[in-house]
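Student: The structure is given below, and queries will be raised subsequently.
The values are calculated or read from the model by the stated rules, or taken from the named source; none is laboratory data. Since we're looking at a predicted model, the values are computed, not measured. Cβ placement follows ideal geometry from the backbone for every residue including glycine, while neighbour counts extend to all protein chains displayed. Heads up: the accessible areas ignore ligands, DNA and RNA and are worked out on the full protein's heavy atoms, side chains in. Shrake-Rupley method; radii C 1.70, N 1.55, O 1.52, S 1.80 Å.
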Amino acid sequence: MINNNILLQLTKEHQTPFYIYNGNEIEKQYFKLKKAFSKCSNFQINYAMKALNTIGVLQFIQKLGASVDTVSLNEVKIALLAGFKPHQIGFTPNGTPFNEIIEAAELGVHVTLDNSIQLKKYAALQNNIPIGIRINPVIIAGGNDKIIVAHKASKFGLALNKINDINYLIEHHNLKIDGFHIHLGSDVLNLDAFKKSADVLFSVAKNFKNLKYINFGGGFKVKYKDDDTFLDIDSVGNHLTDVFNTFQKDYTNDLKLIIEPGKFLVSNAGVFISEITTIKDGIVFVNSGFNHFGRPMYYNAFHQIRNISNTEKSLQTYAIVGNICEQDTFGKHRDLGKPKVGDIICMENAGAYSFSMASNYNSRLKPMELFYYNSKTSVIRKKENFDDLLRNQIY
């Protein structure tokens, strides 16, 4: 965590609100994953960049040694600009226009598909470029209905009863499959869910030759408050590595074990800094809104909120709200050091799905982003200005 005094000094140098990401925390989480899977001789981390796609952060993660998972063609292009090579980029779209799939394949990135219609169109190209298959294991796991993505009615993943479609395309259209992928959702806490996903993956994979990898996805739950439960990543790493190594012994090709963390790498690394603008009837208003920090609004998510201008132990209870013209609540019944107008509010776990989901709702400007590493701070995205709101308008 970045020291309060450093954060307060930055508010004197930069206009609030802003996001700041701690590269030392990202680095710690990255090597925690490497250690958890250290018994696997062929292991790869694909950072799920939808969590935070700012180029300065991507460059840092690439230098750590990670590859990257993308879900749109523009994410592919941003990853390339950040320095990832095409072979380091996975593209796992869902319902995307088919021309994006063709362009991504032509760029040399690895494509994973999850429905029969697009598989048939891809097979008809006869381009001999191998692809992966995302399957739906029908496992319910995750922290919120909106981020549970592997249930029976999910839009994600090829249903297991469609596996024969793949066999037909391999036999009659020379479709080449080089791996299988599962992603359960976000904030997965239960090791048993990953055990079940491994059972499904390997039961499918054993019937296919010439595979190159098995991808378990991500969704590892992180800690949001002091007494919070979180996923034991060492237990997950040990179990998945053990079953992977057992499967590898009897398989013809050398396989790679891939995971796709997003939130796990960047969530705890980020904080969002705002300023108190007014106080009334037990409600603290800050100079931001859910257009900048949307997880409490979208997912009813809990984030620690601190008044770093007043860290006295004597606390009072408030609701912390934003300036958007709807119920715009960051937290209810929160204990803060007695606030006053101008105090600085710090919201934690702001590294994942904060800026990447930000908008210009109410014609508000998107804040700047800062990066902190080894006691040095740099601006990695400038704050928007009014001209940015008008840039593509015709009037």
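Student: Which stretch or stretches of the range 372-387 have amide N atoms under 17 Å from the point lying 7 Å from K28's Cα along the Cα→Cβ direction?
Tutor: 372-376
Student: Distance between the C-alpha centers of the range 307-350 and the range 1-58? Whole Å please.
Tutor: Rounded to whole Å, the Cα centres lie 24 Å apart.
Student: Right, another one. Assign unit charges at the C-beta atoms only (+1 for Lys and Arg, -1 for Asp and Glu), then state the dipole size of the chain relative to its Cα centre in Debye, rounded to the nearest 20. Present the calculation step by step, with values, prior to reporting the outcome.
Tutor: Values: 44 positive and 37 negative charges, 57 e Å.
With only Lys, Arg, Asp and Glu charged at Cβ, the dipole is about 280 debye.
Student: Then there is this: Evaluate the charge dipole of the range 189-314 about its Cα centre and quote only its size in Debye, nearest 20, assuming +1 on the Cβ of each Lys and Arg and -1 on the Cβ of each Asp and Glu. Please report the intermediate quantities before stating the final value.
Tutor: Values: 15 positive and 14 negative charges, 73 e Å.
Magnitude of the dipole: close to 360 debye.
Student: Right, another one. Checking the a/c ratio against 1.5 first, then a/b against b/c, what shape does the Cα gyration tensor give for the chain?
Tutor: Prolate is the answer for the chain, as a/c is 1.5 or above and a/b outweighs b/c.
Student: Take the solvent-accessible surface of the protein heavy atoms, probe 1.4 Å, and return the percent of it on the range 243-345 that carbon and sulfur atoms account for. Mind dumping the intermediate values first?
Tutor: Numbers: 2160 of 4570 Å².
C and S fraction of accessible area: 47 percent.
Student: Still on this structure: For the range 220-264, state the semi-axes of the equivalent ellipsoid (square roots of 5 times the eigenvalues of the alpha-carbon gyration tensor), sorted largest first and rounded to whole angstrom.
Tutor: Working: eigenvalues 176, 26, 3 Å².
Here the semi-axes work out to 30, 11, 4 Å.
Student: Using a/c under 1.5 as the rounded threshold, could you call the range 71-221 rounded, prolate or oblate? The axes a ≥ b ≥ c are square roots of the C-alpha gyration tensor eigenvalues, and prolate needs a/b larger than b/c, oblate otherwise. Could you put the intermediate results ahead of the total?
Tutor: Values: a/c = 1.75, a/b = 1.21, b/c = 1.45.
Here the range 71-221 falls in the oblate category.
Student: Which of the lysines could be linked to K366 by a straight reach, that is with a Cα gap under 18 Å, when you skip same-chain ones fewer than 8 residues away?
Tutor: Candidates past the 8-residue exclusion: K50, K382, K383.
Student: Can I ask one more? Could you work out the pair-distance distribution P(r) of the range 7-80 from its alpha-carbon pairs, with 10 angstrom bin width and percents rounded to whole numbers?
Tutor: 16, 41, 29, 12, 2
Student: When a/c is below 1.5 the answer is rounded, else prolate if a/b is larger than b/c, else oblate, so apply that to the range 1-137 with a ≥ b ≥ c taken from the square roots of the Cα gyration tensor eigenvalues. Mind showing how you got there, number by number?
Tutor: On the way: a/c = 2.77, a/b = 1.85, b/c = 1.50.
Judged from the Cα gyration tensor, the range 1-137 comes out prolate (a/c at least 1.5, a/b above b/c).
Student: Give me the lysines in straight-line cross-link reach of K249: C-alpha distance below 21 Å, same-chain residues under 8 apart excluded.
Tutor: By straight Cα distance, K249 reaches K39, K195, K196, K206, K209, K212.
Student: Looking at the range 113-271 only, what percent of DSSP beta bridges run antiparallel? Nearest 5 please.
Tutor: Working: 1 of 15 bridges.
Roughly 5 percent of the DSSP beta bridges within the range 113-271 come out antiparallel.
Student: So for each of 264-276, 338-350 I average, over its residues, the number of other beta carbons within 10 Å; can you give me the resulting order with the highest mean first? Please report the intermediate quantities before stating the final value.
Tutor: Details: 264-276: 25.9, 338-350: 19.1.
Output ranking for 264-276, 338-350: 264-276, 338-350.
Student: Shifting gears a bit: Can you tell me the order of 195-203, 182-190, 92-100 when each peptide is scored by its average per-residue count of other Cβ atoms within 10 angstrom, highest first?
Tutor: Working: 195-203: 17.8, 182-190: 23.1, 92-100: 15.4.
In descending order of packing, they fall as 182-190, 195-203, 92-100.
Student: Provide, in order from the shortest bin, the percent of all Cα-Cα pairs of the range 318-358 in each 5 Å bin, continuing until the bin that contains the maximum pair distance.
Tutor: Taking every Cα pair in the range 318-358, the percentages come to 5, 16, 24, 29, 19, 7, 0.
Student: Using a 1.4 Å probe over the heavy atoms of the protein chains, calculate the carbon and sulfur portion of the accessible area of the range 48-134 as a whole percent. Write out the running numbers ahead of the final one.
Tutor: Numbers: 1850 of 3390 Å².
So the carbon and sulfur contribution to the accessible surface is 55 percent.
Student: Straight-line reach only, C-alpha to C-alpha below 16 angstrom: list the aspartates and glutamates that K35 could link to, leaving out same-chain residues fewer than 8 apart.
Tutor: K35 reaches E25, E27, D232, D234, D242, E260.
Student: Please give the net charge around F98, taking every other residue with its beta carbon less than 14 angstrom from that of F98, where Lys and Arg add +1 and Asp and Glu add -1. It would help to have the intermediate numbers written out before the result.
Tutor: Details: positive: K120, K121; negative: E100, E103, E106, D114.
That works out to -2.
Student: Given a 1.4 Å probe, how much area per residue of the chain is accessible, in Å²? Walk me through the intermediate numbers first.
Tutor: Values: 18380 Å² over 395 residues.
Here the per-residue accessible area is 47 Å².
Student: Using the beta-carbon distance between I102 and D388 and R0 = 30 Å, what value does 1/(1 + (r/R0)^6) give for FRET efficiency, to the nearest 0.05?
Tutor: After rounding to 0.05, the efficiency reads 0.40.
Student: Among D242, D114, D178, which one shows the highest mean-square fluctuation when the chain is modelled as a Gaussian network with alpha-carbon springs under 10 Å?
Tutor: It is D242.
Student: Let me spell out the model: positive unit charges on the Cβ of Lys and Arg, negative unit charges on the Cβ of Asp and Glu, origin at the Cα centre of the range 1-126. What dipole size does that give, in debye rounded to 20? Spell out each step's value before the answer.
Tutor: On the way: 12 positive and 9 negative charges, 88 e Å.
Charge dipole, the range 1-126, about its Cα centre: 420 debye, nearest 20.
Student: With the dipole of the chain worked out from charges on the C-beta (+1 for Lys and Arg, -1 for Asp and Glu) around the Cα centre, which of I177, P261, Y395 lies farthest toward the positive end?
Tutor: I177
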